[in-house]
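Some notes on the structure that comes next.
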Amino acid sequence: MKSMRGIEIMEQNGKTRSKRSAIIIMGLALFATQFGAGNLIFPPFLGRDTGSSWFVGFIGFFLMDVGLAVAAIIATVSNKKGGVDGVMGKMGRIPGKAMVTAIIICLGPLIAIPRTAATTYEMGVKLLIPGLPQWAFGAIFYGIALLLVIRPTKVVDIIGNYLTPILLAVMVLLIVIGIVNPIDEAAILANASPMHDGIVNGYQTLDGIGGVPQTLMMITAACAYGYTTKDEIRQTVSGSAVISGTLLALVYGGLTYLGSTISGIAEYKNLEQAPLLMAITNKLLGSYGVIALTIIVLMACLTTAIGLSAVVGDYFKDLTDGKMRYKYTVVAVIVFSYILSNFGLSNIIALAGPILSILYPPLIVLVVMTLLEKVVKNDMAACVGAYVSLLASLAGTLPMGAISDMAAKLPFAADGLGWIFPAVIGCVVGAFLPKPQSKKAENLKANVNLG
């Protein structure tokens, strides 16, 4: 039942929801979109590998996932130009669009969406229904996703109103039981690298890298609820990002802790991400836990596939001025994702590692410098810093001989942050460089001089 206050707001301002209601629904929808396969399988894996230092690992994970995602969303809706171009365009118009397109492809059919069905199958379905082959499950999974994403105006409401509460309820049950009845004490691991492991696992969830493009869906939702001015969009979208980030942090922390409680038990040492979480749940909840975990995985992965498919469809429709139609694009994305998902979860994770290690650093530079644009007004600082960080991440990720050897000796390289020092130098140098004038500005200046 709607409150009288909600009705008054709708009648007076033409809003379909009160601002508070819109922020909550959008926040839950964003949480459901971000909380997918990586959210489930990587935090316990991180906790297992860091043991008693799990909280330090969680800090690294948080910074490169939740923190970056929230910062990216706020930067996108608050920058002086407005929208994605105000962040990514600091690299240049064409390079910025190329960067966004690369991110969208990773969030869509290359990594994130194929990983949803692969994770669901490997963590629960193949054990509960052993006679069901992966290709058949994938066909059912992506068929449902396609039905729910084909009408973009319904995506946010479907996710926020129906699927997210179920996901949260089952997730809270698993974490609470794991905290009340821990499997064991976290072990002290001599060779642990908590910050490095936290950063690497944070990359893999794709939440941070998806913050900028996912803002498009939230802006669309804000407008659909009647909030169309820049300030209204900034307030509603930023508020929803904080809600989503808070929920993600709580869930991530709980799962990382669960992983730490088995860090000293030999039988868990060699398990990969998906089997590890299944083993933890089976230990805590038995056969009922397996069923609960299957529900968690299904809800998390299905909502992620729906939300990301919508983002990809909207992006390419806007990029091509409507030449690539939304419905055809999402169909193509889901079909390609279905094909790739059949290669298996471990292969998809292996593919994602180096790609994300290269893409994250320039994105982080662009987001941070956008948040600081009122202080550092020269966009060349962000531009040069982004390109330098990209080169440093390439040298630190790909085998490039002596260049890679030099990159390995940079400050913080052991923690996976060797690109930071070159990026800071690049930003400082860029801040003193003149900003290139556009051809339009140059022609105008020439005309004035001729006059």
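The values are calculated or read from the model by the stated rules, or taken from the named source; none is laboratory data. Model, not experiment: these values are computed from the prediction. Surface areas here come from the heavy atoms of the whole protein model, side chains and all, with no ligands, DNA or RNA. Shrake-Rupley method; radii C 1.70, N 1.55, O 1.52, S 1.80 Å.
Its relative contact order, with pairs defined as Cα atoms under 8 Å and 6+ residues apart, puts the chain at 29 percent. What the phi angles of the range 107-116 give under the Karplus curve with 6.51, -1.76 and 1.60, with θ = phi - 60°, is a coupling list of 5, x, x, 8, 10, 5, 5, x, 5, 5 Hz, glycine and proline written as x. Using the Karplus relation 6.51 cos²θ - 1.76 cosθ + 1.60 with θ = phi - 60°, the per-residue 3J(HN,Hα) values for the range 191-199 come to 9, 5, 10, x, 5, 4, 5, x, 5 Hz, with x marking Gly and Pro. As a length-normalised measure over Cα pairs under 8 Å and 6 or more apart, the relative contact order of the range 343-399 settles at 44 percent.
The accessible area of R325, taken with all protein chains in place and a 1.4 Å probe, comes to roughly 140 Å². For K283, the accessible area of its heavy atoms, probed at 1.4 Å with every protein chain present, is near 120 square angstrom. Solvent-accessible surface of the chain, averaged per residue with a 1.4 angstrom probe and all protein chains in place: 44 square angstrom. Share of the chain's accessible area from carbon and sulfur, percent, 1.4 Å? So the carbon and sulfur contribution to the accessible surface is 67 percent.
If you sort the three axes of the alpha carbon gyration tensor as a ≥ b ≥ c, you get a/c of 1.5 or more for the chain and a/b no higher than b/c, which makes it oblate. Annotation: D379 carries an accessible surface of approximately 20 Å², with a 1.4 Å probe and no ligand, DNA or RNA atoms counted. Rounded to whole numbers, the Karplus 3J(HN,Hα) couplings from phi for the range 272-287 are 7, 4, 5, x, 5, 5, 4, 5, 4, 5, 4, 5, 7, 10, x, 5 Hz, using 6.51 cos²θ - 1.76 cosθ + 1.60 with θ = phi - 60°, and x at Gly and Pro.
The sum of -39500 (n - 2.57) across all DSSP H runs of n ≥ 4, divided by the residue count of the chain, sets its helix-only mean residue ellipticity at 222 nm to -23500 deg cm²/dmol.
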